[in-house]
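The values are calculated or read from the model by the stated rules, or taken from the named source; none is laboratory data. Worth saying up front: this structure is predicted, and the values here are computed from it rather than measured. Glycine gets a Cβ as well: all are built from the backbone with ideal geometry, and neighbour counts include every protein chain shown. Accessible surface areas use protein heavy atoms only, side chains included; no ligands, DNA or RNA. Shrake-Rupley method; radii C 1.70, N 1.55, O 1.52, S 1.80 Å.
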Amino acid sequence: MFNSLKADQVPKIKFFEEILSNGLHVILHQDNTNPLVSISVLYHVGTKNESPGKSGFAHFFEHLMFEGSKNIKRGEFFKHIASNGGKNNAYTNHDETCYYEVLPSDRLPLALWLESERMLHAKIDKESINIQREVVKEEKKMQIENQPYAKAISEIIPSLLFNKHPYKYPIIGFEKDLDSATEVDYKRFYETYYVPNNATLVVAGDFDMKEARDLISTYFSPIPKGKIDFHMKRIEENPIRKEIFSTYVDKNTKVPGVFLSYRLPKITDKDSYVLKIIDHILSSGESSRIMKNIVNKKQLASYAGSFLDAMEDYGIFIIYGLINPGVTLDNLTKVIDKEIENLKKNGITSYELEKHKNFFEKKFLFDNYSMSGIAANLAHYHLYYKNADLINTDIEKYREISVEDIKIVANKYLNKNSRVRLYNVPAS
């Protein structure tokens, strides 16, 4: 059996929270062990907030926000950080856009000033837009248009799983939308979403609490509150009642693949935790069911696995396989379906469940090992769960999962009649 830590044995992450008068949510975790500080500003805006004809805006801003500001020359965000011994970056997904820095602790004022400039004075002009438009187009060519299976996963499958919800759009957007977007469109997007009451600021590491709060107040309190109500109504999708089958001809691949995709509940749903364990059971490591039985034992696939994307309104779960010579996509689909049905009918053993719970427990502890990991988790739990203290207790959700829960949830979501089956085939 696997030994798990008791709740009182898990190191507790202490933090302080406050909301500024303009709505900016601030979370501070003080740890003076090492002379470093991690700063992140998470904006609650992603693909989910885009409208038809305006795809890719959230991701475009991830690039545009490094162009400069009223008081920062073009392209000098990175220079300010690097010349002060730090590193910085950003990311975008379907629900959020995040900017973050790690710096020597005495450079906290610099990081806060940079982020306040980004929030209030970002440079959104024709020159900046044109520069980043070409950068994003090049990124799209490299990461999507010239990579095998990338378009199937990022564009085709979401467009089949979702009919109304903006999750059907690729994060990077469509080129026609990038070309048609105007300076006015981008300024409107910035003024709508890059506001303090749509943001979470997290500082973790070596700082003085009073000094940090005073600095945050100095740099961020004068920024005006956004004008719209951010309690957005969720777009509900109708259930998929019959398997959606499609074939996509992929010019970048020579090996056909099958992708079985399922629409899942939102990230905060209890079932989402169970599904993460199911994903791990099916395809994590050589002893996982798909790798062990389909790839290694039966040798029907050159590679196979699964991955789960848990999001704010829904999730996407994809189980896939790339065929070996002499195997058809129909045959591989049948074998993958046998593994799924076996899980649904027979479930897993207590030993298997404990093994996978142990993995998530180790991951939970590891994610809170660094200041940047703590900052990311505090922002994540606040944004999606409205409870930053889950950074200390979320592991209990995994510990409560039973063998029976695995069977119930697998039967609830992994059904042929509620999925998309995509065959990704080469042009030849």
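Miscellaneous remarks
- Residues being of a type in the set (A, V, I, L, M) and under 25 Å from Pro256 (Cβ atoms) - total across region 272-304: 8
- Residues in region 205-236 that are open to solvent by 80 Å² or more (accessible area, probe 1.4 Å) and outside any loop (DSSP other than H, G, I, E, B): Lys210, Glu211, Arg213, Thr218.
- Across region 115-143, the qualifying residues are those that are buried (at least 17 other Cβ atoms within 10 Å of the Cβ), out of contact with any strand residue (DSSP E or B) (no Cβ under 6 Å at 6 or more places or on another chain) and of a type in the set (A, V, I, L, M, F, W, C), and the one among them that is farthest from Phe174 (Cα to Cα) is Leu120.
- Of all the residues in region 384-425, those that are under 24 Å from Arg234 (Cα atoms) and assigned to a loop (DSSP other than H, G, I, E, B) number 4.
- Here Pro239 does not qualify as open to solvent by 70 Å² or more (accessible area, probe 1.4 Å) and closer than 30 Å to Leu103 by Cβ.
- Scanning region 70-79 for residues that are within 15 Å of Tyr99 (Cα to Cα) and surrounded by 20 or more Cβ atoms within 10 Å (Cβ to Cβ) gives a single hit, Phe77.
- Within the set Glu312, Glu341, Glu361, the sole residue that is within 27 Å of the chain's Cα centre (by Cα) and surrounded by fewer than 20 Cβ atoms within 10 Å (Cβ to Cβ) turns out to be Glu361.
- Residue in region 316-325 that is over 20 Å from the mean Cα position of the chain (by Cα), open to solvent by less than 40 Å² (accessible area, probe 1.4 Å) and among the small types (Gly, Ala, Ser) present: yes
- Residue in region 221-242 that is in contact (Cβ under 8 Å) with a residue 12 or more places away in the chain and closer than 12 Å to Val26 by Cα present: yes
- Qualifying residue in region 404-418 (condition: in contact with a helix residue (DSSP H, G or I) (Cβ under 6 Å, 6 or more places away or on another chain), closer than 17 Å to Glu17 by Cβ and buried (at least 16 other Cβ atoms within 10 Å of the Cβ)): no
- Members of region 106-125 found to be touching a Lys or Arg at 6+ places or on another chain (Cβ under 9 Å), more than 15 Å from Pro224 (Cα to Cα) and not aliphatic (A, V, I, L, M), listed by number: Lys123
- The set of residues in region 294-307 being open to solvent by 30 Å² or more (accessible area, probe 1.4 Å) and closer than 17 Å to Leu343 by Cα consists of Phe307 alone.
- Among (1) outside any loop (DSSP other than H, G, I, E, B); (2) open to solvent by less than 40 Å² (accessible area, probe 1.4 Å); (3) touching a Ser or Thr at 6+ places or on another chain (Cβ under 8 Å), the one test that His29 misses: (3)
- A search for C-beta distances below 7 Å between a residue of region 331-346 that is under 17 Å from Val409 (Cβ atoms) and any residue that is open to solvent by 20 Å² or more (accessible area, probe 1.4 Å) and not β-branched (Val, Ile, Thr), counting only pairs 6+ apart in sequence or on different chains, returns Glu339/Arg289; Glu339/Asn293; Lys344/Lys407; Lys344/Asn411.
- Filtered by the rule that a residue be farther than 25 Å from Glu361 by Cβ, polar (S, T, N, Q) and at pLDDT 95 or above, region 380-428 gives Asn411, Asn415, Asn417, Ser418, Asn424.
- Inter-residue pairs, beta-carbon under 8 Å, first within 13 Å of Asn392 (Cα to Cα) and in region 369-380, second assigned to a helix (DSSP H, G or I) and of a type in the set (Lys, Arg), 6+ apart: none
- Tally, over region 157-204, of residues that are part of a helix (DSSP H, G or I) and either of a type in the set (Val, Ile, Thr) or touching a residue at least 60 places away in the same chain (Cβ under 8 Å) (or both): 20
- Complete set of residues in region 80-114 that are crowded, with 16+ Cβ neighbours inside 10 Å, part of a strand (DSSP E or B) and of a type outside the set (Phe, Trp, Tyr): Asn88, Ala90, Thr92, Thr97, Cys98, Glu101, Val102, Leu103, Pro104
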